[in-house]
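Written out below as structure tokens is the structure these notes cover.
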Amino acid sequence: MTGRFITLEGGEGAGKSTQAALLVTALRAEGLEVVATREPGGTPGAEAIRALIVEGDPDRWSALTELLLVNAARADHVARLIRPALERGAWVVCDRYVDSTLAYQGAGKGVPREALIDQHRLATGNLWPDLTLVLDLPVDLGETRAIGRGRLDRFELTGGGFHDRVAKAFRASVVDDPARVRLIDATRDPASVAAAIWAEVEPLLA
Ligand code: TMP
């Protein structure tokens, strides 16, 4: 594979979608073919599964069912969009990927890490990003931003310390895999966050 695979991660309201769009524009300005995508979703089949994952009551699914749905969507997304793009040399910028599963279904909902890793291997052929940017924002600030955006999804409605566990897991991922995962302070204005992201991405262009 010759393309690069970059993921943006973080809790609710961290500004991932805004930053993903800015990053895609900056990479295209370098003359690269860039595929902009998101999870859960990214292909018609995976978007249909996304609706099952994000809509409805917080307790609609058990943690295991939720994990299987996330990976069913990811298997389709990787096989039909991400892997073909990387193989033809395109760069892929994805709003959420496996680190969201480790944080939400793992730390948030208690699925053991070995099960998450086994599932990831099966669903993706063990495809990991080249670079992951974790947008770090205090949980209460993210919640306020998410509420400001309108209707809350299943995860945004989940309480009981769930989002604190998720945030802690994202920060831990930077320590666990420093070669791949970088922490970005997302409390700053969008232009400053974009500059911090570009400082991490630019070395990959060489
Ligand atoms: P979004 O609001 O960032 O578009 O993401 C939708 C929700 O899906 C978000 O609350 C996190 C959740 N999610 C998981 O629980 N596990 C995953 O693996 C992914 C990719 C997302």
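For the chain, give the magnitude of the charge dipole about the Cα centre (Cβ charges: +1 Lys/Arg, -1 Asp/Glu; no others), in debye to the nearest 20.
In debye, rounded to 20, the chain gives about 260.
By DSSP, what percent of the beta bridges with both residues in the stretch 5-205 are antiparallel, rounded to the nearest 5?
Roughly 0 percent of the DSSP beta bridges within the stretch 5-205 come out antiparallel.
Could you state the orientation-averaged shadow area of the convex hull built on the Cα atoms of the stretch 1-117, in nm² to one decimal?
7.4
With contacts defined as alpha carbon pairs under 8 Å and 6 or more residues apart, what's the relative contact order of the stretch 5-205 in percent?
RCO, the stretch 5-205: 33 percent.
In units of 2.2 N^0.38 Å, what is the alpha-carbon radius of gyration of the chain?
Dividing the Cα radius of gyration by 2.2 N^0.38 Å gives 0.96.
Does the stretch 1-64 classify as rounded, prolate or oblate by the C-alpha gyration tensor (a ≥ b ≥ c root eigenvalues; a/c under 1.5 gives rounded; else a/b over b/c gives prolate, otherwise oblate)?
It is prolate, given that a/c is not under 1.5 and a/b is the larger ratio.
For the stretch 85-206, treating each Cα as an identical point scatterer without solvent, what Debye log10 I(q)/I(0) comes out at q = 0.22, 0.23 1/Å?
-1.45, -1.49
Bear in mind these aren't lab numbers, they're just calculated from the coordinates by the rules spelled out. Keep in mind the model is a prediction, meaning the values are calculated, not measured. Neighbour counts are summed over all protein chains in view; Cβ atoms, including those assigned to glycine, are modelled from backbone coordinates with ideal geometry.
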